[in-house]
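Heads up: the structure comes next, in structure tokens.
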Amino acid sequence: DAVLELRNIARHYREGEARLDILVDANLAIYPGETVALVAPSGAGKSTLLHIAGLLERQDSGETLINSAPTSSMSDNDRTRLRRDAIGFIYQFHHLLPEFTALENIVVPQMICGLARKEAEARAQQLLEYLRLGPRASHRPSELSGGEQQRVAIARAVANAPHLLLADEPTGNLDPRTAEHVFATLMTLARHSGLAALIATHNLDLAKQMDRRVTLRDGRIEELT
Ligand code: ADP
Ligand code: ADP
């Protein structure tokens, strides 16, 4: 079954008198282990789509299903719980907590999800080793390079073993070589853990390394070949 299913999603914004129909009839299904690139120009609605898929924002109409569960009739609390349990986010800017070490940044979300500190730390250390960041565990974000910061953000996103990974320009802030490296790490991790990933990117070379590519045209999702 699909990890993420978007059915007939519509979403508009108002800008003064103007009505912006950003999503008109967006449909998409992503299955376990599948990596999907979302490639579209700025302003096409990528962030809006990711926020709706991530239960951060509600659609006007249509249905967002996570692991086959419809979410539109859920309370905000239930949506938050489902988001924490099932969905990981990566942003263009890492949004790591500046006062915390790399390790602690990965530990905190796990403890919010109810894991004991000891187990959360073991899992965080294991992820840091896997991402070759073991020696950086006790560094704060400001002491890490851009690529290292983004790899910590990736570790944080997958620490709770989400079923769905959503990323908004995860390498957009990195130089091409670092972007390639961080992206390879992301793909390895996604395939290794069998999660479904929807990744917005402007980088066509990176998009080609994913299983499928889709775009947004006039508020609809279209497959790219
Ligand atoms: P993308 O991520 O593809 O650049 P976005 O989803 O961020 O696109 O935005 C799509 C369009 O919707 C843009 O024109 C943006 O200005 C507009 N938009 C986004 N969020 C809001 C909002 N909260 N209120 C009004 N307009 C918005
Ligand atoms: P954008 O891609 O729209 O420019 P950023 O990449 O700057 O956004 O990330 C900030 C976004 O995080 C906000 O747009 C907001 O919708 C989203 N957000 C809100 N609440 C949460 C949350 N609890 N966890 C993660 N992200 C959140």
Problem set entry | Calculated over the stretch 95-166: convex hull of Cα atoms, volume per residue (Å³) | 86
Seminar exercise, completed: Computed over the stretch 79-135, the Cα gyration tensor eigenvalues, each multiplied by 5 and square-rooted, give semi-axes in Å (largest first) of 19, 15, 11
For this session: Please build a GNM for the chain, connecting alpha carbons under 10 Å apart, and tell me which residue among THR188, THR171, THR71 fluctuates the most.
Result: THR188
Exercise. For the stretch 164-180, what does the Karplus curve 6.51 cos²θ - 1.76 cosθ + 1.60, with θ = phi - 60°, yield as ³J(HN,Hα) per residue in whole Hz, taken in order and with x for Gly and Pro?
Worked result: 10, 10, 10, 9, 10, 6, x, 10, x, 9, 10, 5, x, 5, 5, 4, 4
Exercise. Between the stretch 84-128 and the stretch 13-45, what's the alpha-carbon centroid distance in Å?
Worked result: 28
Seminar exercise, completed: P(r) over all Cα-Cα pairs of the stretch 11-92, 10 Å bins from 0 to the longest distance, whole percent per bin, short to long, reads 14, 48, 32, 5, 0
Problem set entry | the stretch 83-203 shape via C-alpha gyration tensor axes, a/c threshold 1.5 | oblate
Problem set entry | the chain: calculated mean residue ellipticity at 222 nm from DSSP helix runs of at least 4, using -39500 (n - 2.57) | -10500 deg cm²/dmol
Exercise. Which whole-number value in Å² is the accessible area per residue of the chain, probe 1.4 Å?
Worked result: 49
Problem set entry | Most mobile listed residue (ASN67, ASN105, ASN77) in the chain, GNM with C-alpha springs under 10 Å | ASN77
Seminar exercise, completed: Log10 I(q)/I(0) at q = 0.11 Å⁻¹ for the chain, from Debye over equal alpha-carbon scatterers, is -0.54
Problem set entry | Net charge, TYR130 excluded, C-beta distance under 11 Å - Lys, Arg +1, Asp, Glu -1 | +2
Exercise. Which percent of the accessible area of the chain is formed by carbon and sulfur heavy atoms (probe 1.4 angstrom)?
Worked result: 49
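The values are calculated or read from the model by the stated rules, or taken from the named source; none is laboratory data. Here the structure is a predicted model, which means the values were calculated and not measured. Heads up, the Cβs are rebuilt from the backbone with ideal geometry, glycines too, and the neighbour counts pull from every protein chain shown. Remember, those area values only see protein heavy atoms, side chains included, never the ligands or the DNA or RNA. Shrake-Rupley method; radii C 1.70, N 1.55, O 1.52, S 1.80 Å.
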